[in-house]
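Peer 1: Please read through the structure below; I'll follow up with questions.
The values are calculated or read from the model by the stated rules, or taken from the named source; none is laboratory data. Small disclaimer: the values here were computed from a predicted structure and weren't measured. Cβ placement follows ideal geometry from the backbone for every residue including glycine, while neighbour counts extend to all protein chains displayed.
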Amino acid sequence: MALNNRLDIMADIIKSHVDSTPSIRHILHADLDAFYAAVEQLDNPELRGKPVLVGGSPENRGVVATASYEARVFGVHSAMPMKSAVRRCPQGIIVRPRFGRYKEISNMIMDIFRSVTDLIEPLSMDEAYLDITQAVAGGLRPLEVALDLKKQVKEETGLTVSVGVATNKTVAKICSDLNKPDGLVVVAPGEEEAFLAPLAVGKISGIGPKTVERLNRDGVETIGDMAAQPLEWFANTFGVRAEGVRARALGTDRDEVHTHRETKSVSAETTFSSDRNDPEVLREELARLAGNVARHLENSGLQGRTVTVKARLADFTTFTRQKTLPARTATEETILEHAWGLLSKELNPERSFRLLGVGVSSFLESTALPAAKADQLQLSLFDQPAFDQPVFDQPLFDQPVSEQPDPGQETT
Ligand code: TTP
Ligand code: MG
């Protein structure tokens with residue numbers, strides 16, 4: 001074979017090898033520590049070093065939005081009824097949330113993140129992914145970028161942020177949580193699978209408690225157990241999500257840092273201070289919630305086709321009912337009419353309601369907001385835990401989170 005030909009073939013082989021080896025990404029996941037409580041301690045020095053419980057009042061069946069690390073040692077956590085939190089930590093200082101202030105600080109933090117890279121994906125007020133691949137290509141080490149970010153947040157806001165550093169989002173997110181508060185965990189390229197192997201399957205974002213239960217029943221407890229399963233098992237267990245979940249378990253997921261997130265749903269909900277079953281009262285509340293949702297839709301230029309009602313009964317049973325309308329809407333009357341149509345079917349004198357919510361989704365693509373505005377207006381979805389989603393408009397809620405029964409002995 002002529003030398004030229006051989007060189008061509010080798011060049012092809014090398015090229016195809018290079019093309020099939022995806023370039024390494026460098027991702028940070030940054031999450032502020034005890035965010036609301038830390039802001040309260042920042043603004044009021046008397047609260048520093050003390051157990052702070054941010055949330056609603058125990059008399060009003062409020063819930064804990066977050067607790068300072070000093071309070072967490074007593075077993076207090078987010079979403080716990082405040083009444084139970086106070087029982088566990090009687091010396092806890094209850095502070096009402098100031099969402100406007102948290103939003104202000106959140107903006108500062110996101111600006112700091114953006115000064116590191118344009119490629120940021122905010123997940124909630126205090127949390128984002130940052131793709132720092134370019135900075136690393138420019139000669140910086142991922143660890144340096146992370147240390148610098150922590151320093152900048154501390155200097156400019158007075159708060160501490162925990163950071164995870166890895167080559168993908170799944171591993172970075174797990175890392176940021178491992179050494180809180182003020183944590184910094186780095187997983188080097190090539191170490192992903194070994195790092196993940198001993199961890200519980202529930203650490204993978206998107207694998208919720210119900211799936212964990214199901215996997216554990218199958219004998220799959222760690223991420224390593226999962227990674228060892230054959231392809232067929234993934235297909236049977238996760239259906240269309242199989243490939244994505246397998247990549248996460250193997251530490252090879254290539255999910256990009258999405259800088260544009262569209263609002264998918266707008267919702268509002270309220271927990272009553274005592275259970276209600278009077279249809280008139282329930283309708284009144286529904287009307288108020290529909291009004292809130294309609295105002296937010298209007299402000300964000302959105303119209304939706306699906307109306308959802310969420311309800312939680314006195315025994316904590318929670319359900320949603322949905323209706324798809326013939327045309328998109330943003331008007332209060334239409335939202336209320338359909339929400340009431342859904343709820344009225346669920347009423348009977350024996351049923352008392354603890355919580356009601358109204359949501360609108362299925363928006364027209366063309367009415368979606370430009371990215372920057374969508375970021376600001378991203379509202380919580382109530383069919384998923386609100387805090388897995390960007391929650392930039394917390395004040396829409398009467399309470400920071402819906403109540404959950406306390407799994408401990410101290411149920412309300
Ligand atoms: P997180 O980042 O989940 O919690 P955190 O910052 O308080 O604590 P950590 O150190 O573990 O990160 O949520 C950010 C803020 O969102 C939190 O300060 C309050 C609010 N929040 C709620 O209101 N309810 C909730 O159930 C959760 C999880 C958070
Ligand atoms: Mg946090």
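Peer 1: I want to confirm something. Restricting to the stretch 62-74 and keeping residues that are more than 16 Å from ligand 2 (Cβ to nearest atom) and under 19 Å from Phe99 (Cα atoms), which single residue is farthest from the chain's Cα centre (by Cα)?
Peer 2: First pass over the stretch 62-74, keeping only residues more than 16 Å from ligand 2 (Cβ to nearest atom): 62-63, 73-74.
From the residues that got through so far, the ones that are under 19 Å from Phe99 (Cα atoms) too are 62-63.
Details: Gly62: 21, Val63: 18 Å.
Restricting to residues being more than 16 Å from ligand 2 (Cβ to nearest atom) and under 19 Å from Phe99 (Cα atoms), the top hit is Gly62.
Peer 1: Related question: Could you check how many residues of the stretch 310-358 are on the phi < 0 side of the Ramachandran plot and either assigned to a loop (DSSP other than H, G, I, E, B) or of a type in the set (Gly, Ala, Ser) (or both)? Don't jump to the end; show me each part of the working.
Peer 2: Step one: list which residues in the stretch 310-358 are on the phi < 0 side of the Ramachandran plot, which gives 310-315, 317-358.
Next, from what is left, pick out any that are either assigned to a loop (DSSP other than H, G, I, E, B) or of a type in the set (Gly, Ala, Ser) (or both): 311, 314-315, 317, 327, 330-331, 339, 341, 344-352, 357.
Result for the stretch 310-358: 19.
Rundown of residues vs (1) buried (at least 17 other Cβ atoms within 10 Å of the Cβ); (2) assigned by TED's automatic domain parsing to the domain that holds Arg351, yes/no style:
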| residue | (1), (2) |
| --- | --- |
| Ala227 | yes, no |
| Phe234 | yes, no |
| Asp255 | no, no |
| Asp275 | no, yes |
| Gly291 | no, yes |
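Peer 1: For the stretch 296-319, which residues satisfy the criterion of being loosely packed, with under 14 Cβ neighbours inside 10 Å and either closer than 15 Å to Val358 by Cα or among the small types (Gly, Ala, Ser) (or both)?
Peer 2: The one that is loosely packed, with under 14 Cβ neighbours inside 10 Å and either closer than 15 Å to Val358 by Cα or among the small types (Gly, Ala, Ser) (or both): Phe319.
Peer 1: If I ask for residues that are assigned to a loop (DSSP other than H, G, I, E, B), closer than 22 Å to Met125 by Cα and at pLDDT below 95, which ones from the stretch 42-74 would you list?
Peer 2: Gly56, Gly62
Peer 1: Could I ask something else about it? Return only the number of the condition from (1) under 19 Å from Gln152 (Cβ atoms); (2) within 14 Å of ligand 1 (Cβ to nearest atom); (3) modelled with pLDDT of 95 or more; (4) not small (Gly, Ala, Ser) that His77 does not satisfy.
Peer 2: Checking His77 against (1) under 19 Å from Gln152 (Cβ atoms); (2) within 14 Å of ligand 1 (Cβ to nearest atom); (3) modelled with pLDDT of 95 or more; (4) not small (Gly, Ala, Ser), the one that fails is (1).
Peer 1: Return the pairs, sorted by first residue and then second, in which the second residue is among the charged types (D, E, K, R), the first residue lies in the stretch 143-157 and is surrounded by 13 or more Cβ atoms within 10 Å (Cβ to Cβ), the beta carbons are less than 8 Å apart, and the residues are 6+ apart or on different chains.
Peer 2: Partner pairs satisfying both residue conditions: Lys150/Asp182.
Peer 1: Quickly run through the stretch 32-61 and pick out the residues that are over 24 Å from the mean Cα position of the chain (by Cα) and at positive phi.
Peer 2: Gly49, the sole residue that qualifies.
Peer 1: Residue by residue through the stretch 81-136, note down the ones that are away from ligand 2 (no atom under 15 Å from the Cβ), in a loop (DSSP other than H, G, I, E, B) and in contact with a Pro (Cβ under 8 Å, 6 or more places away or on another chain).
Peer 2: Result: Cys89, Gln91, Gly92, Ile132.
Peer 1: Still on this model: Kindly indicate whether any position in the stretch 119-128 is modelled with pLDDT under 95 and over 18 Å from the mean Cα position of the chain (by Cα).
Peer 2: Checking the stretch 119-128: not a single residue is modelled with pLDDT under 95 and over 18 Å from the mean Cα position of the chain (by Cα).
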